[in-house]
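The values are calculated or read from the model by the stated rules, or taken from the named source; none is laboratory data. Bear in mind the structure is a predicted one, so any value in this text is a computation, not a measurement. Every residue, glycine as well, gets a Cβ built from its backbone with ideal geometry; the counts of neighbours run over all protein chains shown. Just so you know, the surface numbers come from the protein's heavy atoms only, side chains and all, with ligands and any DNA or RNA stripped out. Shrake-Rupley method; radii C 1.70, N 1.55, O 1.52, S 1.80 Å.
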Amino acid sequence: KRMGDAEPALADFEVALGNDPEHANARFEHAATLLDLGRLTEAETGFRAYLESVPDDADAVVNLARILLRVGQSAAARDLLDVQAPGLDTVDLARAEAARDCGDIDTALALLSGVEAGNPDMAAARLKIATQGPTGRITLDPAQFFTPRR
């Protein structure tokens with residue numbers, strides 16, 4: 001999977017799950033590979049099954065929420081993310097995206113402003129969420145997204 005060959009990786013995860021259907025890591029990676037392949041319904045099912053055994057895995061919650069966002073279930077994504085502890089950048093970015101798609105721009109802006117600005121990857125993710133929403137865009141203030149260099 002790390003070499004970019006998702007189909008054989010998927011087959012390997014399916015073999016692993018055939019040997020041990022409760023193997024948590026294989027369940028997560030199987031669902032993540034399905035997501036990589038754009039098989040959203042199967043990925044959603046996989047992440048839901050995984051979260052039954054590992055309910056506090058923020059990465060799995062974010063992946064499931066992003067699937068829900070992609071299929072137009074922004075309120076369900078927001079509800080799912082609301083039970084996660086705040087402060088983890090990936091969770092807060094997903095929360096901002098869900099709030100934006102639910103039309104709650106003020107909440108989206110507040111969440112985006114709390115995400116680490118000094119990290120270029122986070123700055124790019126913040127900008128993407130602010131500018132690429134299907135239900136509207138957020139007026140941009142560059143100071144909100146970037147920390148000046150010293």
Handout entry: Those helices (runs of 4 or more DSSP H) lying entirely in region 39-83 with at least 3 residues free of Cβ contacts under 8 Å to residues at least 60 places away in the same chain, within 13 Å of the chain's Cα centre (by Cα) and over 22 Å from A6 (Cβ atoms)
Key = 74-82
Fill in the blank from the handout: If we keep only residues of region 81-101 that are crowded, with 16+ Cβ neighbours inside 10 Å and over 18 Å from A124 (Cβ atoms), then the residue modelled with the lowest pLDDT is Q84
Problem - Answer from V61, V54, V71 - the residue that is modelled with pLDDT of 90 or more, of a type in the set (A, V, I, L, M), touching a Leu at 6+ places or on another chain (Cβ under 7 Å) and over 16 Å from L93 (Cα atoms) - result: V71
Handout entry: Filter pass, A31 being of a type in the set (A, V, I, L, M, F, W, C), closer than 19 Å to T90 by Cα and without any contact (Cβ under 8 Å) to a residue 60 or more places away in the chain
Key = yes
Problem - Filtered residue count, region 103-126, keeping only those that are crowded, with 17+ Cβ neighbours inside 10 Å and either closer than 21 Å to N63 by Cβ or in contact with a strand residue (DSSP E or B) (Cβ under 7 Å, 6 or more places away or on another chain) (or both) - result: 7
Handout entry: Which listed residue, of A6, A16, is at pLDDT below 90, surrounded by 13 or more Cβ atoms within 10 Å (Cβ to Cβ) and either touching a Leu at 6+ places or on another chain (Cβ under 7 Å) or on the phi > 0 side of the Ramachandran plot (or both)
Key = A6
Exercise for the section: Confirm whether P21 is touching an Asp or Glu at 6+ places or on another chain (Cβ under 9 Å), open to solvent by 50 Å² or more (accessible area, probe 1.4 Å) and free of Cβ contacts under 8 Å to residues at least 40 places away in the same chain. Expected result: no
Problem - Given (1) open to solvent by 60 Å² or more (accessible area, probe 1.4 Å); (2) under 27 Å from N25 (Cβ atoms); (3) not polar (S, T, N, Q), number of the condition V61 does not satisfy - result: (1)
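Yes or no, residue by residue, for (1) over 20 Å from Q132 (Cα atoms); (2) hydrophobic (A, V, I, L, M, F, W, C):
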residue: I67; (1), (2): no, yes
residue: P86; (1), (2): yes, no
residue: D92; (1), (2): no, no
residue: C102; (1), (2): no, yes
